[in-house]
Amino acid sequence: MASIHPQKFVEALDQRTLKDSIIIDVREPHEWDYYHLDEAKLIPMGQIPHRLGELPEDQDIYLVCAHGVRSYRVAEYLQENGIERVINVDGGMAAVGMLRGFQYD
């Protein structure tokens, strides 16, 4: 399974090199409300099986959660269901927030 270091992910966001990709945040709405990326789309982990049709098969899908554990599980699930172009953001929003000067938790 592919993963990306949070520093490289933040650099790619800042340099706008992820334009042909989609970012899915698999946290819960209250976590999203606390802190999220404007570029991301919220699909909570429990809704993923019902919303597979919303995910492109022809784009890279970056998955993010709080610390990288839920997004890793979602990446496994997606790959098991034929969606191959998934990349887990190591460390999740806690790592991304820290790199952007935001104390996540």
Determine whether residue 38 is charged (D, E, K, R) and touching a strand residue (DSSP E or B) at 6+ places or on another chain (Cβ under 8 Å). no
Output for Cβ contacts, cut-off 6 Å, separation at least six or different chains, first residue modelled with pLDDT under 95 in the stretch 9-22, second among the hydrophobic types (A, V, I, L, M, F, W, C), reads 18/12
Given (1) in contact (Cβ under 8 Å) with a residue 12 or more places away in the chain; (2) open to solvent by less than 80 Å² (accessible area, probe 1.4 Å); (3) farther than 20 Å from residue 91 by Cβ; (4) not aliphatic (A, V, I, L, M), where does residue 57 come up short, assuming only one miss? (2)
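Taking the residues in the stretch 1-54 that are of a type in the set (Asp, Glu) and in contact with a Leu (Cβ under 8 Å, 6 or more places away or on another chain) as candidates, determine which candidate is most open to solvent (accessible area, probe 1.4 Å).
Residues of the stretch 1-54 of a type in the set (Asp, Glu): 11, 14, 20, 25, 28, 31, 33, 38-39, 54.
Subsequent filtering for residues that are in contact with a Leu (Cβ under 8 Å, 6 or more places away or on another chain) retains 25, 39.
Details: 25: 1, 39: 90 Å².
Filtering the stretch 1-54 for residues that are of a type in the set (Asp, Glu) and in contact with a Leu (Cβ under 8 Å, 6 or more places away or on another chain), the one most open to solvent (accessible area, probe 1.4 Å) comes out as 39.
The values are calculated or read from the model by the stated rules, or taken from the named source; none is laboratory data. In this text, all values refer to a predicted model and were calculated from it rather than measured experimentally. In this analysis, Cβ positions are derived from the backbone assuming ideal geometry, glycine residues included, and neighbour counts consider all displayed protein chains. Calculation scope for accessible area: heavy atoms of the full protein, side chains included, ligands and nucleic acids excluded. Shrake-Rupley method; radii C 1.70, N 1.55, O 1.52, S 1.80 Å.
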